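Values quoted throughout were computed directly from the atomic coordinates according to the rules given, and no laboratory measurement underlies them. Keep in mind that what you see is a predicted model, and the values were worked out from it rather than measured. Neighbour counts run over all protein chains shown; Cβ positions are idealised from the backbone, glycine included.
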């Protein structure tokens, strides 16, 4: 069981795709204008990752090494197309918002990276789990970033939730700061970079704290003089 | 600022039609030369004890010719030049060799080095001195006697002069430049030498000119030394050969060999090359003087003029026997031998590790600072890329880039941005508003790169030797295997049909010969005979030595040209 | 639906041909990586890494059999260089393989040496001269300081002497860091 | 320790920064003359924010606070930003902009000497993107305003957003000439009609041209003091003048004359105080010319074809990114090397 725990830990924290591996930044930065957008794309990616890992792992022994990359891409592309069609069928408004970023999951390197580095070397069940946890890790980052940008930029949370759950869900939109001027920078691309940087910094800070604590309270000597 | 100053100077020069060129950058630090030029050069009584490091020059450490307890006369050879890039050491007075051991030397490392300690007997007794009739000798003989007399560049770089005075068929020297620029603040030993011994310097220049067969000869003197220039001009007028005196503008580091060559000839010494390759050779005035002393008086290099200045009672120039303790010299000049003594000028000098180090051939100036003279710089701030350093750099480098690379130890990049063209003149640090010790970073990066290169060369040699050894072992293994196979085959042929008997006989003969051969070589090892290995090793060592010597020669000669500034 | 299949099939065939051609055409003989790793290794040939020399270790790293932190003579800088080259994360030297020491050379006590040639056979770079029953000597400039000659000597006449710093090989130090921490910071560190 | 050279003639970083601030004084005086004393409040607020945020960040980064606070660079950033903002910007806008400039653009990148972008321009651009309406609301010069706000009124407006009773916002604001020009041109008015408006002065904007002239004066002082070299301002102004001149010659009915571009907007501030920031600029002489000319051309292009009335901030930030590239390709010939 500890193996699964480790996989989960890797996906959610240690090897988090968004803030540690820094893979697949294009959608991370582009669609996280609101919490709902980030969450939806994250979940879609998680689904694709779980499915592609699950699809590649059983056939990994039969794929010649030279053509593994085309094969992986083919599998991922097929699965993404399915997901794209699914969202198009059941949540058209969301599909219109996320637009090109759903097909673009194909070339999201985090998907290929997990297939290559995990599914191609492990049994199907852990592979599916790894893909899913990595996806969830990415979802966490995307929704956090989306939430931050939405909050700072518009003063609301969950705006656009009606796109996913229908017009009735509009009541779930939370207006955190009433009468907000709006801080456009957060919504625009620079806001995404700054926000992601803050998330990475936050994670590093926590890690360094942990490492410092592990060194039994010995504060690391800063390099005041060298040599 | 310097851009403006340079521009105005350039215009002035263009209008004045002096025929002089100029270089980029440079600074105008306060001169502080008056303190030490008010009184004539003073002689120094021979001290009781002298310490003579064997490494007073660039190149191989000279070979000892005396042993502890020997009595030597003034001017007697103590250590002979070892190979071409080397220079001899002589006794500055008569006395007894008290010790030959490691002593502190005036070097920025503060490390001791092998030195001869001489106890003077007080008689100051000369060996027989023989003036040389240089026109009657072959040039090679004259060069050899320069080498044996320990004549090195006295501008501070101490590169053996006989190498620079060799005629080179590929690069004939058209212009001989005598460097009397002396651009560093405080230092005035060349100035005083020129004022007082102009005629002797000119005699030396005549000999140098004869050796190099140079077409043109120019003495470059900064225009802040009008008396020296006048003296030299008068002495040059008396000479039978044409010697020009060029008054070059006073700007630091205008006395750097490359900078002076640029100013006088308009030519730039290509990076990593020697001035002789563009038909120029440059010597310090004091070097010319010591050539004269040797040729016309038969005296080797046993003393030099040293400026003692700063916080002393009698600042001035002293003619000091080599090996004299700097403590004694400073006390003689009426100063205190404090630990912060500086050898050289304030721009390129360094703190002596102790006052108890000897005067060596490179010692041109001793500054005794008082507390207010050279205050500790305020804490360094980050570089703000103001490019004052780039404006001041005489080599036209981008010091701020070199600083980044040196600081982050990105040595490849530092090399790519031409850190080895830096002459460590200190102009960049002088003008830095952030008080960054730029030159220290460059020195660090340079010596780190040189050490890395050496390590890489050593690794390459080791790799080659290891591969060679593995191949050899492999070959021997195959040979043994073959031998076994042949033996086995031979055993079979015993029973083989008779027509194979002939072949067997041949094989047996070969076998015998081989056995004989094997007997001749020592059987102690499975490996190839150590004799062969030794031979190979010896050849390779020699090759490596030759390579090393040629690289040091190039490197040191280049270094020398930059240090000639002092 | 059929069109889709045909398109995919056609593409597969076409791209398969391209892939096959590239696999044959651009095949790399040997492993250039080994040479690049070998160039970083210090060529001490000491075998502390567990391989009989620098090249075998380089091959083992290239194959992924050995870790990058097994070379004490290469030091921390060596591990960093290897990590950079291979694009893996730096890790501190593995103490199992020994610790970095100052560079030294072997010196044979010539009064004790019996001329057994055992050290000559052990030397990976043929840096020891001598013949049977004759005194041996080390060519200091060729000695890599690998210490392989020390163990075989039956009379323990070989010692490793660190290369002393002299004015000839002395290096300028890294300038003392320019930003002095404020007293408060120093105190925190000291506590 | 061997620390040669032992002597130095360099001015300190602090004295350089102080001279830059001194060079800004004429412009501030002109500002007060033209727009009233509100700018002093803005300056004070920005300075305070800069000092506080800088000290806070230095503390967080474990750097010597006093050493870096006294270098004066944060104050210069604050002043430049304050002078670039609309004179009656609300207090929180000033605080936010300065904080972004110091925290995001300067300290996060490593503080003094390490910021790749001009901090004042990053702060300005962030505000301009986020609050376009506020950032383009300029008060009318006192001489043109329907209602003249006193110092206290201006201060109240900055802090509370309230105007004296009975005064409408329109009565105290007007479009800037560049803004006006842009909007009117899109309405197909001819240049001749547009420039009839009283907001245009002889050279640039009424009042604005005085401020621009004061910047020019301060800039000349900096050149005389050898704080900046001539390369940057000359190349920048020449590029704008040439661009504007060419377009003006091509179609005087659609493109404003060079004088308006030189003395209008933030041209003079940029030429002598913004692009001359050494930290975020190139270091080679040729690089400086390319950098400044590039900013000039881009500024003009944004003014004429872009979505914003003035393009200085974006042009500067854009060319800040190019600095390493420019430096790499314009390395001067080193002594003893061939070209």
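Tabulated results
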{"quantity": "FRET efficiency, residue C:90 to residue D:217 (Cβ-Cβ, R0 51 Å, nearest 0.05)", "calculated": "0.40"}
{"quantity": "Globularity ratio of the range B:201-340, using Cα Rg and 2.2 N^0.38 Å", "calculated": "1.22"}
{"quantity": "Most fluctuating residue given options D:89, D:168, D:238, as computed from a GNM of chain D linking Cα atoms under 10 Å", "calculated": "D:168"}
{"quantity": "Shape call, the range D:63-214: gyration tensor on alpha carbons, a/c limit 1.5", "calculated": "prolate"}
{"quantity": "Nearest-0.05 FRET efficiency for residue D:196 and residue D:148, computed from C-beta distance (R0 25 Å)", "calculated": "0.60"}
{"quantity": "Cβ-based exposure ranking for B:162, B:484, C:80, in which fewest neighbours within 10 Å come first", "calculated": "B:484, C:80, B:162"}
{"quantity": "Mean projected area (nm²) of the alpha-carbon convex hull when the range D:273-339 is viewed from all directions", "calculated": "5.0 nm²"}
{"quantity": "√(5λ) per eigenvalue of the Cα gyration tensor, the range A:21-132, largest first, Å", "calculated": "25, 14, 12"}
{"quantity": "Chain C: equivalent-ellipsoid semi-axes (sqrt of 5 x gyration tensor eigenvalues, Cα, Å)", "calculated": "48, 31, 14"}
{"quantity": "Compactness of the range B:91-228 as Cα Rg over 2.2 N^0.38 Å, two decimals", "calculated": "1.28"}
{"quantity": "Average beta carbon contacts from partner chains per residue of B:100-106, 10 Å cutoff", "calculated": "0"}
{"quantity": "Computed log₁₀ I(q)/I(0) - Debye formula, equal Cα scatterers, no solvent, the range A:99-227, q 0.10, 0.12 Å⁻¹", "calculated": "-0.56, -0.76"}
{"quantity": "Exposure proxy ranking, count of Cβ atoms within 10 Å, fewest first, for B:71, B:57, D:261", "calculated": "B:71, D:261, B:57"}
{"quantity": "Values of log10 I(q)/I(0), in the order q = 0.13, 0.17 Å⁻¹, for the range A:2-207 under a Debye, Cα-only, solvent-free model", "calculated": "-0.71, -1.12"}
{"quantity": "Compactness of the range D:219-327, expressed as Rg and Dmax over alpha-carbon positions, Å", "calculated": "13.5, 42"}
{"quantity": "Square roots of 5 times each gyration tensor eigenvalue, C-alpha, the range B:102-179, largest first, Å", "calculated": "30, 22, 11"}
{"quantity": "As computed over the range C:1-112, the Cα convex hull volume per residue (Å³)", "calculated": "151 Å³"}
{"quantity": "Projected label distance in nm at residue C:164 and residue D:162, using a 7 Å step from Cα toward the beta-carbon", "calculated": "8.6 nm"}
{"quantity": "Space enclosed by the convex hull of the alpha-carbon atoms of the range B:378-489, per residue, Å³", "calculated": "109 Å³"}
{"quantity": "Candidates C:11, C:118, C:99: whichever shows maximal mean-square fluctuation once chain C is modelled as a Gaussian network with Cα springs under 10 Å", "calculated": "C:11"}
{"quantity": "Neighbouring partner chain Cβ atoms per residue of B:434-446, average, 10 Å criterion", "calculated": "5"}
{"quantity": "Likely footprinting exposure, C:26, A:101, fewest C-beta neighbours within 10 Å first", "calculated": "C:26, A:101"}
{"quantity": "Kirkwood hydrodynamic radius of chain D, Cα pairs, Å", "calculated": "20.8 Å"}
{"quantity": "Kirkwood Rh, angstrom, the range B:33-159 [1 / mean 1/r, Cα pairs]", "calculated": "16.1 Å"}
{"quantity": "Crossing angle, helix D:73-84 versus chain D [Cα axis fit, 0-90 degrees, rounded to tens]", "calculated": "20 degrees"}
{"quantity": "Ordering of B:436-444, D:158-166 by packing [mean C-beta count within 10 Å, highest first]", "calculated": "B:436-444, D:158-166"}
{"quantity": "Distance histogram in 10 Å bins (all Cα pairs of the range C:101-164, percent per bin)", "calculated": "25, 60, 15, 0"}
{"quantity": "Average Cα contact separation per residue, the range A:115-221, under 8 Å, 6 or more apart, as relative contact order %", "calculated": "20 percent"}
{"quantity": "Those residues of the range A:67-94 whose amide nitrogen sits under 20 Å from the label point placed on residue C:2, 7 Å along Cα→Cβ", "calculated": "none"}
{"quantity": "Highest-fluctuation residue, D:326, D:240, D:108 considered, GNM on chain D with Cα pairs under 10 Å", "calculated": "D:108"}
{"quantity": "Kirkwood hydrodynamic radius of the range C:32-97, Cα pairs, Å", "calculated": "11.3 Å"}
{"quantity": "Overall Cα dimensions of the protein assembly as shown, principal axis frame, Å, largest first", "calculated": "112, 105, 64"}
{"quantity": "Proportion of all alpha-carbon pairs of the range D:1-136 beyond 22 Å (%)", "calculated": "40 percent"}
